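One structure below.
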Amino acid sequence: MYKSIVIGTGPAGLTAAIYLARANLNPLVIEGVQPGGQLTTTTEVENFPGFPQGIQGPELMDNMRKQAERFGAEFRSGWVEQVDFSVRPFKVKVEGGDELESETVILSTGASARYLSIPGEQENVGRGVSTCATCDGFFFRGKKIIVVGGGDSAMEEASFLTRFASTVTLVHRRDELRASKIMQDRARSNEKVQWALNRTPLAVVTDENSTVKGLKVRNNATNQEELVEADGVFVAIGHTPNTKFLGDAIHTDDHGYIIVKPGTTETNIPGVFACGDVQDTRYRQAITAAGSGCMAAMDCEKYLEGSMVHDWSETLNP
Ligand SMILES: Cc1cc2nc3c(=O)[nH]c(=O)nc-3n(C[C@H](O)[C@H](O)[C@H](O)COP(=O)(O)OP(=O)(O)OC[C@H]3O[C@@H](n4cnc5c(N)ncnc54)[C@H](O)[C@@H]3O)c2cc1C
């Protein structure tokens, strides 16, 4: 039986593993389908403190893993299909049928950005296609950008990206936007923002050097194909937290994000903690994920010592 099982190996899970291992708790870390998490899908990471020249995403994650292994964290590949939270110790069922027992569980399964699933998209992630303006806007200084989406986050990303871009074209498949009026007004009053509404994205277009040149769209009014030219395409159509495998035992919000007691990583079940993007609807950055991974490990240590009072009553239930 383990004292702690960490589910997920992004910055949150690996930071939790480093802290738990250094506290002599020998955690088991389950990697999931994306060992190293989302940052393994990007190239340069320029905003993680401690790397003045930047660092490649996969290298940063590899370093974190080695750091956790150095202190005794055990790793296991595969994904978790189910966790039985109704028994103690908890039973963690891993792909293939193995059942592992643990006194505590740290949930760090992230939130996956939604993509358009069009040709040219996946192969250019990190090379002109992005889902994170805060992360990648800086790479597009003086360039033309497209933002795809019609909700608040698309408006926010578009407005933010005008700090860097020469123009930002908002592409949305409908004529009307889902975004709140205040967010729409903010984007509409920005003279760098242009609009390509009622256009369905068909493909990310690249030139012979595999450099992104724009987005092929269908104009739904004329049924004609058009090219919206740009150097970068930001897809802002939302995120899906990876919480389906948890069933109903863990409280989540309407979108599936885990609810934690404010200022902590405690979930509604004593001994189960959540960190990183899976419980974060606002920041979704590597450094905030790592920070909350540290918090989860420290909360977990306190729980195992018996010095944690679980008072969920202050937390609003969904
Ligand atoms: C292309 C791209 C570029 C980015 N660039 C930056 C950047 O420059 N700077 C920055 O700060 N942030 C950046 N981000 C955001 C950053 O990657 C995330 O905020 C961060 O990775 C979140 O960490 P996490 O540990 O919460 O989750 P994730 O990194 O999403 O990791 C989740 C982990 O959970 C595992 N998992 C999921 N479900 C299961 C399951 N059922 N069983 C077992 N394991 C499971 C996955 O395999 C994965 O290992 C970028 C994101 C993307 C997509």
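The values are calculated or read from the model by the stated rules, or taken from the named source; none is laboratory data. Please read these numbers as outputs of a predicted model, since none were measured by experiment. Note that each Cβ is placed from the backbone with ideal geometry, even for glycine, and that neighbours are counted across all protein chains shown. For the accessible areas, the whole protein counts, side chains as well, though only heavy atoms, and no ligand, DNA or RNA atoms are used. Shrake-Rupley method; radii C 1.70, N 1.55, O 1.52, S 1.80 Å.
Packing, taken as the mean count of other beta carbons within 10 Å per residue, orders the peptides 295-306, 118-129 from highest to lowest as 295-306, 118-129.
Taking the Cα-to-Cβ direction at residue 63 and at residue 249 and moving 7 Å from each Cα, how far apart do the two end points lie in nm? Modelled inter-label distance: 3.6 nm. The residues of segment 192-318 have, on average, 50 Å² of accessible surface per residue, using a 1.4 Å probe with all protein chains present. For segment 122-235, the mean projected area of the C-alpha convex hull, equal to one quarter of the hull surface, is 6.6 nm². Taking all Cα-Cα distances within segment 21-86, those exceeding 19 Å account for 45%.
Can you tell me what share of the DSSP beta bridges in segment 122-235 is antiparallel? A percent to the nearest 5 is fine.
Around 45 percent antiparallel, to the nearest 5.
Considering segment 237-299 at the alpha-carbon level, its Rg and Dmax are found to be 11.1, 34 Å. When every Cα-Cα distance of segment 190-229 is counted in 10 angstrom steps from zero, the calculated P(r) takes the values 30, 44, 25, 2 percent. The length gained by stretching the chain between residue 191 and residue 152 to full extension, at 0.36 nm per residue less their Cα-Cα distance, is 12.2 nm. Taking amide H atoms as placed 1.01 Å from N in the peptide plane, the amide H of residue 147 lies under 5 Å from those of 169, 170, 171, 234, each 5 or more residues away in sequence or on another chain.
Three semi-axes describe the equivalent ellipsoid of the chain; taken as square roots of 5 times the Cα gyration tensor eigenvalues and ordered largest first, they are 39, 21, 17 Å. Extension gain for residue 115 to residue 229 (0.36 nm times residue separation, less C-alpha to C-alpha distance): 39.1 nm.
Mind checking Rg over Rh on segment 159-217, alpha carbons, Kirkwood formula for Rh?
On the way: Rg = 13.2 Å, Rh = 12.8 Å.
For segment 159-217, the value is 1.03.
Note on the chain: antiparallel DSSP beta bridges, both residues inside, total approximately 50 percent of the bridges counted. Checking the Cα-Cα distances for 143/213; 3/244; 66/302; 181/261 against a 20 Å cut-off, the pairs over it are 3/244; 66/302; 181/261.
A cysteine counts as unpartnered when no other cysteine's C-beta lies under 4.7 Å of its own; in the chain this applies to 275, 294, 300.
Shown here: segment 50-204, whose C-alpha atoms stretch 57, 40, 31 Å along the first, second and third principal axes, sorted largest to smallest. Our coupling estimate for segment 247-259, obtained by passing each phi through the Karplus curve with A = 6.51, B = -1.76, C = 1.60 and θ = phi - 60°, is x, 9, 5, 9, 5, 10, 7, 4, 9, x, 6, 5, 8 Hz, Gly and Pro reported as x. Summing +1 for each Lys or Arg and -1 for each Asp or Glu among the other residues whose beta-carbon sits under 14 angstrom from that of residue 303 gives -2. What FRET efficiency comes out for residue 134 versus residue 221 if R0 is 35 angstrom and r is the Cβ-Cβ distance? Round to the nearest 0.05. Efficiency for this residue pair is about 0.55. Protein heavy-atom surface of the chain, 1.4 angstrom probe: 47% of the accessible area is carbon and sulfur, with nucleic acids and ligands not counted. Summing +1 for each Lys or Arg and -1 for each Asp or Glu among the other residues whose beta-carbon sits under 14 angstrom from that of residue 292 gives -1.
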